[in-house]
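Notes follow the structure.
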């Protein structure tokens, strides 16, 4: 299936917004996959949002979902 | 989540002192208020490894941030007896010395206003998907980390 990834902060410097084809069914599997294709992500602290909701536990991914990859927040 | 309209907190560029003054003045008709608490975040001209921070460039995942601050706003209103709560956060490039965050709470007596303001600032910094990129005088940059 195809999903859209968007990235923010420091992560946006090495992962551009793009559509990728994956065969992962869950956000945990996706994390492993992302760390394989973007090695700089491994070892970094980051959170995912699935369709604009913060992922707090392993969640199912469906075709054409949107995944945001977010480094630690630094507003204020 | 309630049906209340989601308010935008983001402003392009710095929060101006004139805007802050006007926000304060707008409350003179709300005569039940006895105490205001205000926090203003200002971009600090830090020196990092010999380089001077000249500005911070803020970006946000706006949809997620606005949903989250809506939740936080409701929780704070449930927790403290507040009359008013106003939150403004800058996006874009904010120069050292300019205001990038303005949080303003009001209540009948001082303590709820002070405590709510403090809690809001802490939660804004830790829970909202906003990122600050520190721009140095030589145009290089590093990503800010909240402590």
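The values are calculated or read from the model by the stated rules, or taken from the named source; none is laboratory data. Bear in mind that the values here come from a model prediction, so they are computed numbers and not experimental data. Cβ atoms come from the backbone with ideal geometry, glycine included; neighbour counts cover every protein chain shown.
What do you reckon, is residue A:54 more than 10 Å from chain B (Cβ to nearest Cβ), surrounded by 15 or more Cβ atoms within 10 Å (Cβ to Cβ) and touching a strand residue (DSSP E or B) at 6+ places or on another chain (Cβ under 8 Å)? No. Is one or more of the residues making up segment B:29-43 farther than 30 Å from residue A:70 by Cα and out of contact with any strand residue (DSSP E or B) (no Cβ under 8 Å at 6 or more places or on another chain)? The answer is yes; a qualifying residue exists.
Residue A:70: within 14 Å of chain B (Cβ to nearest Cβ), surrounded by fewer than 15 Cβ atoms within 10 Å (Cβ to Cβ) and under 13 Å from the mean Cα position of the chain (by Cα), yes or no? When the stated conditions are applied, residue A:70 does not pass them.
If you go through segment A:12-39 and keep only what is within 22 Å of residue B:60 (Cβ to Cβ), part of a helix (DSSP H, G or I) and more than 10 Å from the chain's Cα centre (by Cα), you end up with A:12, A:13.
Residue-by-condition table, conditions (1) closer than 30 Å to residue A:68 by Cβ; (2) modelled with pLDDT under 95; (3) touching a helix residue (DSSP H, G or I) at 6+ places or on another chain (Cβ under 9 Å):
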site	(1), (2), (3)
B:53	yes, no, no
B:59	yes, no, yes
B:76	yes, no, yes
B:88	yes, no, yes
B:98	yes, no, no
B:102	yes, no, yes
B:111	no, no, no
B:118	yes, no, no
B:121	yes, no, no
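Take the conditions in contact (Cβ under 8 Å) with a residue 40 or more places away in the chain, closer than 24 Å to residue B:7 by Cα and either within 14 Å of chain A (Cβ to nearest Cβ) or surrounded by fewer than 17 Cβ atoms within 10 Å (Cβ to Cβ) (or both) and apply them to residue B:62. Does it pass? So residue B:62 fits the description; yes.
Scanning segment B:113-132 for any residue that is surrounded by 15 or more Cβ atoms within 10 Å (Cβ to Cβ), more than 27 Å from residue A:53 (Cβ to Cβ), in contact (Cβ under 8 Å) with a residue 60 or more places away in the chain and within 14 Å of chain A (Cβ to nearest Cβ) turns up at least one such residue.
So that you can scan it fast, the table gives a plain yes or no per residue for (1) within 14 Å of chain A (Cβ to nearest Cβ); (2) crowded, with 16+ Cβ neighbours inside 10 Å:
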| residue | (1), (2) |
| --- | --- |
| B:66 | yes, yes |
| B:71 | yes, no |
| B:85 | no, yes |
| B:88 | yes, yes |
| B:97 | no, no |
| B:101 | yes, yes |
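Look at (1) touching a helix residue (DSSP H, G or I) at 6+ places or on another chain (Cβ under 6 Å); (2) more than 14 Å from chain B (Cβ to nearest Cβ) and you find that residue A:49 fails only one, number (2). In segment A:38-45 there is at least one residue that is at positive phi and more than 11 Å from chain B (Cβ to nearest Cβ).
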